[in-house]
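Taken together, the values in this text are just the output of simple stated rules run on the coordinates, not laboratory data. Treat the numbers as computed from the prediction; the structure is a model and nothing was measured. Please note: Cβ atoms are built from the backbone with ideal geometry, for glycine as well, and neighbour counts cover all protein chains shown.
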Amino acid sequence: MSDPWVDATGSPSSNISEFRNVLDYIAIMNYDVMSSPTVGAGPSSPLDDACAPVGARFGSAMSAVQTWSAAGMPVNQIVLGVPAYGHSFVLTSNPEPSSGSTQNTTLSAYPQYNPSLEKRGDSWDGDSSLDVCGVMQGPGGVFTYWGLKEQGFLKQDGSVADGIKYQFDDCSQTVCRPCMTRMRLDY
């Protein structure tokens, strides 16, 4: 929820200052931010998206807090919700160097992915099922924090496991989730 509640016209409210008197706080749920197949898979819970590529600015902690505070919610009444899980993507190209290459590979912050291919996440991720509208969905491709450890992406102390490539995205201030790849992952 990056924008304030909608008003009677369906637009985000520009003045919610009276709510500060009746609410203890609001919670900004800064996760499950969209990715775009045309731009690539980006961070699901960016702290900032001001320097993200055009078409990949779906909201961030920074922009949400700025928007809500500009509409009248005091920052000391804003709580930031963050995830303890991530999503998987099936990339359309292999980010690893070709066989025998000695060059270091820089992982793309927004790698291209195929939205029609969905892989199962950790052991808590369900198989395909019907959603509330009766449409077949999934699997979700969700990896919980403990699932990232169980699958060998993270060590038990939470640090990145050996053999896992990753990069820190200076723009979003997050570990680039689609860039955390297994050296032996099939594409």
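Put the Cα centre of region 19-38 next to the Cα centre of region 46-86 and the gap is 7 Å. For the chain, the dipole from Cβ point charges (+1 on Lys and Arg, -1 on Asp and Glu) about the Cα centre works out to 360 debye, to the nearest 20. In straight-distance terms, cross-link reach from Lys165 covers every one of the aspartates and glutamates whose alpha-carbon lies under 13 Å from its own, apart from those fewer than eight places away in the same chain; here that gives Glu96. Cross-link partners among aspartates and glutamates for Lys119, C-alpha distance below 19 Å, same-chain residues fewer than 8 apart left out? List returned: Asp32, Asp127, Asp131, Glu150, Asp186. Using only the alpha-carbon atoms, how far is helix 61-70 inclined from the longest principal axis of the chain? Give it as 0 to 90 degrees, nearest 10. So the inclination is approximately 10 degrees. Computed over the chain, the per-residue total of -39500 (n - 2.57) for DSSP H runs of n ≥ 4 gives a 222 nm mean residue ellipticity of -2500 deg cm²/dmol, rounded to 500.
Stretched out straight at 0.36 nm per residue, the stretch from Met136 to Val54 would grow longer than its current Cα-Cα span by 26.4 nm. Here's the picture: charge each Lys and Arg Cβ at +1 and each Asp and Glu Cβ at -1 in the chain, and of Ser45, Ile26, Thr67 the one pushed furthest to the positive end of that dipole is Ser45. Ranked for footprinting exposure by Cβ neighbours inside 10 Å, fewest first, Asp169, Asp157, Asp7 give Asp157, Asp7, Asp169. Taking label points 7 Å from Cα along the Cα-to-Cβ direction, Asn114 and Val160 give a separation of 2.6 nm.
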